[in-house]
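Each remark here refers to the structure printed beneath this line.
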Amino acid sequence: MTNWYAVGVGFVVMTVIGVVGLAVPGLGQLTAGLVGGFAAGYMAGGGLGRGAWHGLLAGSLGGVLVAVILGVAVSALGAVGLGPLGPLVGGGVFVALLVLALVMGLESALAGAVGALLAE
């Protein structure tokens, strides 16, 4: 059974560190994904698989949030004529954002597995 509280906490931790990571050099989205996934896995406990699952869910939620924000930003810039590469990339933006969400989910899953392992 999925512990949605653990997933939510991991997502919030990831979001907060991601926002702080924009302002603090050296602290970026990779760190946010690792710490958020670790928090979700640690709170869920129950072994490697359970921790990886909860980390994956937290990271995927974070990845989807970032993908939506970046997608809206790229669309808005293209709509006002500030995005000269908009027509060039076309649907490639969607693919790039999908890959970003996948990477954030996978790194969080690994961190979640480590968190669950340390919780026991």
* Does Ser60 satisfy being over 14 Å from the mean Cα position of the chain (by Cα) and within 21 Å of Val99 (Cβ to Cβ)? -> no
* Residue tally, condition on the phi > 0 side of the Ramachandran plot and either assigned to a helix (DSSP H, G or I) or in contact (Cβ under 8 Å) with a residue 24 or more places away in the chain (or both), over region 1-26 -> 0
* Name the one entry in Val7, Val12, Val35 that is surrounded by fewer than 17 Cβ atoms within 10 Å (Cβ to Cβ) and of a type in the set (A, V, I, L, M). => Val12
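Each value in this text was obtained by applying a stated rule to the coordinates, not by laboratory testing. Bear in mind the structure is a predicted one, so any value in this text is a computation, not a measurement. Ideal geometry is used to build each Cβ from the backbone, glycine not excepted, and the neighbour counts take in all protein chains shown.
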